[in-house]
């Protein structure tokens, strides 16, 4: 560790002055009492005491402070603090105080972050446990029933095997989404960007979800007619997954005979913004900051009246961020929600 002793003479100067002054005053009193007053001797005594006191105090204080401050630096370096380990030792009290305050603030932030991460870890483990055990117990229940003798009844056997298969499919769905989101988080998923018509892609998703929307009596529509294509540069498959997840959510939590509307608008010269707006249940404001967390659900009751892996919105967020784009959400209870995200527009694109 580099050593740099930054001199600060204020303490030594003041202390030397007071020592010299008090001693000189006492000596002058003695001279008066002895009636041997000598001003030159008194001045010489004051100057000599001042110099000697200053030298002794400065050297001793510097060494005393340095040894203890060096120990502080060594102790702090054990905590791998970049604030201290990369800097030379200083004995200046103001600088040291600032460094220690900065160190304490950094550690407080680290501790707060660790607490938040610990809470998130607990929530995540609890949620993933719940999501996995529900289909697992379902599958186990049907299999045990079959093993107990129901397998001999053909109708019961076929029905229970079909239900067990649905449970297995949901497990596969959850594991697949977990694998996808893990790749997105660590940057291990390669995007295959291409130019494509976003209007055509949205219409394809409308067609795929037509029956699901019809079951809920929800209308999927554009906000207006788009006679011309709007080309964007992105991973077509991943953006289709984003739009599909957002539309599925709007169908799940939409009111019967409701509407989900999609619009594509020019944002800036090289960006478009895609908005998915519905008039469904809406989301309470307190839930919005955590909406994109894995397995986070607005319904905290533990019931799962709507299916899904609970990873849809988290996947949406990571896909959009992998494109270096932004996603936004606005919602009001019993009014509806709007999810929107930006995309890079193909150069010379015209609407």
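Calculate, for residue 36 and residue 101, the FRET efficiency according to 1/(1 + (r/R0)^6) with r their C-beta to C-beta distance and R0 51 Å; round to the nearest 0.05.
Here the calculated transfer efficiency is 0.40.
Once you place label points 7 Å from the Cα toward the Cβ at residue 270 and residue 332, how far apart are they in nm?
3.6
Once you treat every alpha carbon in the stretch 111-186 as an equal point and sum by Debye, what is log10 I(q)/I(0) at q = 0.14, 0.15, 0.18, 0.23 Å⁻¹?
-0.61, -0.66, -0.79, -1.01
Using the alpha carbons of the stretch 231-291, what is the convex hull volume per residue in cubic angstrom, as a whole number?
Considering the Cα atoms of the stretch 231-291, their hull volume per residue is 117 Å³.
Calculate the FRET efficiency for residue 111 and residue 237 from the Cβ-Cβ distance with a Förster distance of 45 Å, rounded to the nearest 0.05.
So, using R0 = 45 Å, E works out to roughly 0.60.
To one decimal place, what Kirkwood hydrodynamic radius in Å is obtained for the stretch 193-344 from all pairs of distinct Cα atoms?
Answer for the stretch 193-344: a Kirkwood hydrodynamic radius of 15.8 Å.
Just to be sure I understand the model, the point goes 7 Å from the Cα along the line to the Cβ. What's the resulting residue 182 to residue 203 distance in nm?
Each label point is offset 7 Å from its Cα along the Cβ direction, giving 4.0 nm.
Any chance you could run the full-extension gain for residue 147 through residue 159? It's 0.36 nm times the residue separation minus the Cα-Cα distance, nm to one decimal.
2.9 nm
Report the full-extension gain for the segment residue 71 to residue 219: residue separation times 0.36 nm, less the Cα-Cα distance, to one decimal in nm.
46.2 nm
Testing the spin-label approximation: label points 7 Å from Cα along Cα→Cβ at residue 15 and residue 129. State their distance in nm.
So the two model labels end up 6.0 nm from each other.
Please find the FRET efficiency linking residue 25 to residue 56, where r is the Cβ-Cβ separation and R0 is fixed at 25 Å, and quote it to the nearest 0.05.
0.80
Using only the C-alpha atoms of the stretch 114-264, find the volume of their convex hull and express it per residue in Å³.
Enclosed volume per residue, from the Cα hull, is 180 Å³.
Bear in mind these aren't lab numbers, they're just calculated from the coordinates by the rules spelled out. These numbers come from a predicted model, not from an experiment. Glycine gets a Cβ as well: all are built from the backbone with ideal geometry, and neighbour counts include every protein chain shown.
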